[in-house]
């Protein structure tokens with residue numbers, strides 16, 4: 001997998017609830033539900049961090065074996081990139097640009 | 001997607017998350033459709049700022065699917081501002097329109113926003129039949145042009161075909177037209193009373209023979225055949241909820257009045273006056289959520305209950321939320337007949 005910069009696609013809808021992140025690829029209506037770690041990767045994918053940096057951050061933030069975390073995080077990024085939900089780029093996103101999906105939902109109760 | 005979506009809806013219902021919300025931005029319309037369920041077309045709707053505030057609340061409440069409708073939404077001069085706000089909040093947006101105001105520039109702007117889908121009403125493959133229903137001369141041509149423009153711009157379009165006495169025989173041809181344009185297609189075989197309870201428009205709806213013919217179409221019969229397996233009443237039907245209304249979806253009128261569904265005129269509060277959450281948690285909404293099939297005394301023992309798509313809103317407009325919906329009784333009877341024939345052919 002490329003260790004390029006990882007950015008959320010603008011061609012998706014996304015919402016967090018019940019501890020998960022729900023992503024819909026709008027062109028295909030494909031739905032993805034992300035667990036807590038996946039949701040954190042999604043949040044970090046602002047186009048200004050590389051895949052390597054995101055993997056490192058995940059290893060720091062979650063109490064999982066480093067090798068497992070690295071493998072799972074890379075697999076995850078690669079899988080979502082294949083579906084066009086995450087985009088990989090050799091150059092970082094411009095400062096000030098704001099990818100979609102920044103809004104986290106909460107339980108309305 | 002089906003299974004994930006089903007699980008998502010079930011989870012949303014369990015957690016009282018308004019996963020799908022329809023917001024009407026205006027009731028003004030350039031058409032005057034003969035079967036329209038809106039009581040008036042004067043409601044201009046909330047301000048841009050009010051709508052933006054509502055969208056923020058919906059995003060924070062967990063809404064993913066946002067349906068923007070009217071009236072004719074393109075009559076709102078701030079529609080694109082609202083759409084941009086909605087997309088920046090990462091909603092999956094469905095736009096419902098008659099398409100007559102979508103020129104090339106509008107199609108390209110909509111495509112740039114990344115919508116989930118645009119629904120366009122088309123009543124016939126014949127312009128004169130469509131225009132007689134919309135009562136807007138030239139509307140069929142403009143709607144079809146809009147479908148072409150949108151699809152060419154890369155937007156998915158669904159043709160919505162409401163069937164009535166005057167266009168009942170056109171369904172297959174409209175589906176072929178939708179196919180040829182690259183759009184998906186769905187029918188709505190029920191003309192509903194106006195939201196103010198005036199049922200006069202229901203006289204325009206299909207008669208039983210026409211309904212049976214429409215539902216016997218192989219395109220629909222294929223879908224109906226899946227009902228064969230559940231035609232016998234399951235033992236636990238009594239404990240099932242009535243429909244999705246109020247459980248994970250609701251409707252907001254241009255003035256901000258919340259209802260459990262666009263077809264269920266039970267006011268639950270005003271989102272622009274008291275906030276979305278207050279109306280979503282209102283007593284009326286909780287009452288709807290608490291209702292189960294077993295509460296429908298008129299339907300007890302009905303052998304068609306498992307295939308009936310009884311609409312509580314239609315029942316309410318007939319006078320009793322927990323009573324019969326005559327329109328749905330008729331539809332269930334026809335569906336049972338069609339399913340029976342599909343079964344016989346399969347045997």
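The values are calculated or read from the model by the stated rules, or taken from the named source; none is laboratory data. Note that this is a predicted model, so its numbers are computed, not measured. Note that each Cβ is placed from the backbone with ideal geometry, even for glycine, and that neighbours are counted across all protein chains shown.
Quick one: how many residues across segment A:13-22 are closer than 18 Å to residue B:56 by Cα and more than 7 Å from chain B (Cβ to nearest Cβ)?
Matching residues across segment A:13-22 total 2.
Looking at (1) crowded, with 16+ Cβ neighbours inside 10 Å; (2) without any contact (Cβ under 8 Å) to a residue 40 or more places away in the chain; (3) within 14 Å of chain A (Cβ to nearest Cβ), which is the one condition that is false for residue B:4?
(1)
What about residue B:88, is it modelled with pLDDT of 95 or more and closer than 16 Å to residue B:35 by Cβ?
The answer is no for residue B:88.
In segment B:85-128, what residues are within 17 Å of the chain's Cα centre (by Cα) and within 13 Å of chain A (Cβ to nearest Cβ)?
B:92, B:93, B:94, B:95, B:116, B:117, B:118
Name the single residue, out of those in segment B:225-253 being surrounded by 15 or more Cβ atoms within 10 Å (Cβ to Cβ), more than 22 Å from the chain's Cα centre (by Cα) and at pLDDT below 50, that is farthest from residue B:267 (Cα to Cα).
Within segment B:225-253, the match that is farthest from residue B:267 (Cα to Cα) is B:231.
Regarding segment A:61-84, can at least one residue be identified that is within 14 Å of chain B (Cβ to nearest Cβ) and at pLDDT 90 or above?
There is at least one residue in segment A:61-84 that is within 14 Å of chain B (Cβ to nearest Cβ) and at pLDDT 90 or above.
Using the structure shown, decide if residue A:32 is out of contact with any strand residue (DSSP E or B) (no Cβ under 6 Å at 6 or more places or on another chain), more than 22 Å from residue B:84 (Cβ to Cβ) and at the interface with chain B (Cβ under 10 Å from one of its Cβ atoms).
no
I'm trying to understand the selection: among the residues of segment B:7-42, which are part of a strand (DSSP E or B) and more than 14 Å from every other protein chain (Cβ to nearest Cβ)?
If the condition is that a residue be part of a strand (DSSP E or B) and more than 14 Å from every other protein chain (Cβ to nearest Cβ), then B:22, B:23, B:24 are the ones that fit.
Take segment B:182-203 and flag every residue that is crowded, with 18+ Cβ neighbours inside 10 Å and free of Cβ contacts under 8 Å to residues at least 40 places away in the same chain.
Residues satisfying the conditions are B:185, B:187.
Filter segment B:82-120 down to the residues that are surrounded by 22 or more Cβ atoms within 10 Å (Cβ to Cβ) and in a strand (DSSP E or B) and list them by number.
Listed by number, the residues that qualify are B:92, B:93, B:95, B:97, B:118, B:120.
Out of the residues in segment A:1-27 that are without any contact (Cβ under 8 Å) to a residue 40 or more places away in the chain and assigned to a loop (DSSP other than H, G, I, E, B), which is farthest from residue B:11 (Cα to Cα)?
Applying the filter and picking the extreme gives A:26.
Pairs under 7 Å by beta carbon, first residue more than 15 Å from residue A:41 (Cα to Cα) in segment A:56-67, partner at pLDDT 80 or above and part of a helix (DSSP H, G or I), six or more apart or different chains?
A:66/A:59
When you check residue A:39 against the structure, is it surrounded by 19 or more Cβ atoms within 10 Å (Cβ to Cβ) and part of a helix (DSSP H, G or I), yes or no?
In short, yes.
Just to be sure, is residue B:45 assigned to a loop (DSSP other than H, G, I, E, B), away from chain A (no Cβ under 11 Å), farther than 28 Å from residue B:170 by Cβ and touching a strand residue (DSSP E or B) at 6+ places or on another chain (Cβ under 9 Å)?
When the stated conditions are applied, residue B:45 passes them.
Restricting attention to segment B:62-81, and to residues there that are away from chain A (no Cβ under 14 Å) and part of a loop (DSSP other than H, G, I, E, B), which single residue is nearest to the chain's Cα centre (by Cα)?
B:70
Which residue, of B:59, B:52, is within 14 Å of another protein chain (Cβ to nearest Cβ), crowded, with 23+ Cβ neighbours inside 10 Å, over 16 Å from residue B:157 (Cα atoms) and more than 20 Å from the chain's Cα centre (by Cα)?
B:59
Of these, B:341, B:345, B:289, B:278, which one is more than 23 Å from the chain's Cα centre (by Cα), assigned to a helix (DSSP H, G or I), modelled with pLDDT of 85 or more and at negative phi?
Answer to the check: B:278.
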